[in-house]
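Reviewing the structure listed below.
The values are calculated or read from the model by the stated rules, or taken from the named source; none is laboratory data. As the structure is a computational prediction, the values presented were derived from the model and not from experiment. FYI the Cβ positions are ideal-geometry reconstructions off the backbone, even for glycines, and counts take in every protein chain you see.
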Amino acid sequence: MDILDLLVSFFTQNGYLAVFVVLLICGFGVPIPEDITLVAGGVIAGLGYADVHVMCAVGLAGVLLGDATMFTIGRVFGERALRVRWVRYLLTPKRYAQVQAKFAQYGNRLMFVARFLPGLRSPIYLTAGMTGRVSFLRFLLLDGLAALISVPVWVYLGFYGAENHEWLLVWVERSKIGVLLALAAAAIVVVWYFRRRGRLRRERLHAARAHRAGRARAAIGPKRDASP
């Protein structure tokens, strides 16, 4: 029996709470595939043990709470978190170096990309909190956007393939490529949005400075004209 069958059996008996707890554990770096967990949640919905739309909401809640917990641990405890054995195991020197390289490559946008980097996801969120590279609000925004792409894909895939596991496993592999393509498209949109917002902010700042400079010149001009 593979991991998908084990999860389906467990979720069938325990419902939404089991899906939520397993996803929360995934967020702590436990080596349970998050995508297969979500697919299994979709499968039990397809078999009639749950509502697929509620399952999507449960999946989003479990994913985001797990991610936010790792980020918060890093933010609150900083490097003191490394005194805990499981944190040291999760954030090894090698992984820390890999995370730093990803930050150098993507900047704060790594909070979005991390959802699609199994094995580095939890170390990335932990490091982001520890180093203060990104605010909690921006982290939640970017991570939430990525989750809105990935979670429904896996849950609905499991829902529609509930009766045919062989077909389902084939499409799980194919969907990984589809999710990556969706990631690329969404990343382009995110980059465009933040660059546009930054450009508009600079233009407003420049206009405000020019306005203040104009008012200052207008105020100084009459005083000079009035001097003997």
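Odds and ends about this structure:
- Residue in the stretch 115-123 that is part of a helix (DSSP H, G or I), buried (at least 16 other Cβ atoms within 10 Å of the Cβ) and of a type in the set (Phe, Trp, Tyr) present: yes
- Residue among VAL63, VAL54, VAL87 that alone is part of a helix (DSSP H, G or I), at pLDDT 90 or above, buried (at least 20 other Cβ atoms within 10 Å of the Cβ) and not aromatic (Phe, Trp, Tyr): VAL63
- Residue in the stretch 142-165 that is out of contact with any Lys or Arg (no Cβ under 7 Å at 6 or more places or on another chain), surrounded by fewer than 23 Cβ atoms within 10 Å (Cβ to Cβ), in a helix (DSSP H, G or I) and free of Cβ contacts under 8 Å to residues at least 12 places away in the same chain present: no
- The sole residue among PHE71, PHE11 that is part of a helix (DSSP H, G or I), of a type in the set (Phe, Trp, Tyr), at pLDDT 85 or above and closer than 23 Å to GLU163 by Cα is PHE11.
- Qualifying residue in the stretch 34-42 (condition: farther than 14 Å from LEU157 by Cβ, buried (at least 20 other Cβ atoms within 10 Å of the Cβ) and not β-branched (Val, Ile, Thr)): no
- First in the stretch 90-113 and surrounded by 13 or more Cβ atoms within 10 Å (Cβ to Cβ), second anywhere and among the aromatic types (Phe, Trp, Tyr) and not in a loop (DSSP other than H, G, I, E, B), Cβ under 8 Å, 6 or more apart: ARG109/PHE194; LEU110/PHE103; MET111/TYR125; MET111/PHE139; VAL113/TYR106
- Where a residue in the stretch 39-67 is over 26 Å from SER122 (Cβ atoms) and its partner, wherever it lies, is crowded, with 19+ Cβ neighbours inside 10 Å and small (Gly, Ala, Ser), with Cβ under 7 Å and at least six apart: GLY46/GLY158; GLY46/ALA162; LEU47/ALA162; ASP51/ALA45; VAL52/GLY42; VAL52/ALA45
- Of everything listed in (1) assigned to a helix (DSSP H, G or I); (2) under 21 Å from the mean Cα position of the chain (by Cα); (3) surrounded by fewer than 17 Cβ atoms within 10 Å (Cβ to Cβ), the single unmet condition for VAL30 is (1).
- Residue check for THR69: of a type in the set (Val, Ile, Thr), surrounded by fewer than 22 Cβ atoms within 10 Å (Cβ to Cβ) and either more than 20 Å from ASP143 (Cβ to Cβ) or touching a Pro at 6+ places or on another chain (Cβ under 8 Å) (or both): no
- One residue from LEU168, LEU180 being touching a helix residue (DSSP H, G or I) at 6+ places or on another chain (Cβ under 9 Å), loosely packed, with under 14 Cβ neighbours inside 10 Å, in a helix (DSSP H, G or I) and at pLDDT below 80: LEU180
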